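The structure under discussion appears below in the form of C-alpha cells.
Every read-out reported here was derived from the displayed coordinates using simple, explicitly stated rules and does not represent laboratory data. It should be emphasised that the depicted structure is a prediction, and the values quoted were computed from it without experimental measurement. Don't worry about glycine lacking a Cβ; one is built from the backbone with ideal geometry, like all the others, and counts go over all protein chains shown.
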Amino acid sequence: ETGVTQTPRHLVMGMTNKKSLKCEQHLGHNAMYWYKQSAKKPLELMFVYSLEERVENNSVPSRFSPECPNSSHLFLHLHTLQPEDSALYLCASSQGASGKLFFGSGTQLSVL
Amino acid sequence: DAKTTQPTSMDCAEGRAANLPCNHSTISGNEYVYWYRQIHSQGPQYIIHGLKNNETNEMASLIITEDRKSSTLILPHATLRDTAVYYCIVRVAIQGAQKLVFGQGTRLTINP
C-alpha cells in the first residue's frame with residue numbers, strides 16, 4: 001500500500017466512449033503526476049501538477065484531459081480514444097522538491 | 001535533461017549481491033541520481049537516491065563515482081522478490097514538482 005489509490009483497476013472502452021480515471025493520495029503531498037506505460041515501452045510522463053496547477057504537459061493529445069480539483073485528487077478524462085491508447089496509466093504523487101514519487105497500482109486501459 | 005544508459009538485462013543468483021550499473025556522463029552538478037524498480041504490472045517503487053556521496057538504506061546501497069558520471073546500485077543479498085526492472089534516473093526539478101523521465105531500465109532476474 002503506497003498511499004496512492006487508482007480506480008478503476010481495469011477499464012475497457014470503445015472509441016466513442018467517454019470515461020475518467022481517478023487518483024487519490026492520502027500522503028499530504030502537493031504534486032501529482034500521470035504517466036502512461038504501453039506494452040514493452042518505458043513510462044512516458046504525461047502531466048504534472050504542483051499545488052493544483054499544471055506545470056508540465058508533454059505534448060499529450062487533447063483526447064486526454066487532466067483535472068486536479070485539489071491536492072489530493074487527480075483525474076484523467078478520456079474521450080474519443082484510439083486503440084493505440086491502450087496502456088497502463090499510472091498516477092503518482094510527491095512532496096514538492098522531493099524526487100521520491102509514490103505510485104499507484106495503475107489502471108489497465110483497453111480501447112476497442 | 002541528462003540521459004542515463006543501463007544494460008538491458010542482468011542475471012544474479014539468489015543470495016548473492018546484485019550490482020546494477022548506470023552511466024550518466026552528462027549529469028549536471030546539482031542533479032540527483034534516483035533509482036526505482038518496477039515489479040511486473042505494478043507501479044514503480046522508489047529505492048534510493050544520491051548526489052555525490054555514497055548512500056545506504058534498508059533496501060540497497062548507491063555508489064556514485066567521484067566524477068559523478070556513473071553509479072552502481074547494490075542489492076546486497078538478492079532474493080527472488082527482487083526480480084524487476086530497475087530504473088536509473090537523473091532528477092529534474094520543475095516549479096515545485098519533479099520531472100522523472102524513465103528510460104528502458106535493466107531487467108534483473110534473480111535465479112534460485
(message) Can you find, among A:PRO66, A:SER86, A:GLY99, the residue sitting farthest towards the positive end of the charge dipole of chain A, where Lys and Arg contribute +1 and Asp and Glu -1 at Cβ?
(response) A:SER86
(request) Pick out which of A:LEU11, A:LEU76, A:LEU21 has the largest mean-square fluctuation in a Gaussian network model of chain A, springs linking Cα atoms closer than 10 Å. (result) A:LEU11
(message) Quick check for me: using +1 on Lys/Arg Cβ and -1 on Asp/Glu Cβ, what's the dipole size of the protein assembly as shown about its Cα centre, in debye to the nearest 20?
(response) 360 debye
(request) Counting only DSSP beta bridges with both residues in chain A, tell me the antiparallel percent, nearest 5. (result) 90 percent
(request) Using the 4.7 Å Cβ rule, please list in number order the cysteines from the protein assembly as shown without any candidate partner. (result) A:CYS68, B:CYS12
(message) Compute, for chain A, the length of the dipole vector about the Cα centre, with Cβ point charges of +1 (Lys, Arg) and -1 (Asp, Glu) only. Units Debye, rounded to 20.
(response) 280 debye
(request) Identify the trypsin sites (Lys or Arg not before Pro) of the stretch B:12-106 meeting these criteria: DSSP loop state and at most 16 other C-beta atoms within 10 Å of the C-beta. (result) B:ARG16, B:LYS52, B:LYS69
(request) Mind telling me which of A:ALA92, A:ALA31, A:ALA39 comes out most flexible in a GNM of chain A, alpha-carbon contacts under 10 Å? (result) A:ALA39
(message) Just to be sure I follow the rule: in the protein assembly as shown, considering lysines 8 or more places apart or on different chains, how many pairs have Cα atoms under 17 Å apart?
(response) 8
(request) For chain B, build the charge dipole from Cβ charges (+1 Lys, Arg; -1 Asp, Glu) around the Cα centre, then report which of B:TRP35, B:MET59, B:GLY96 sits farthest towards its positive end. (result) B:GLY96
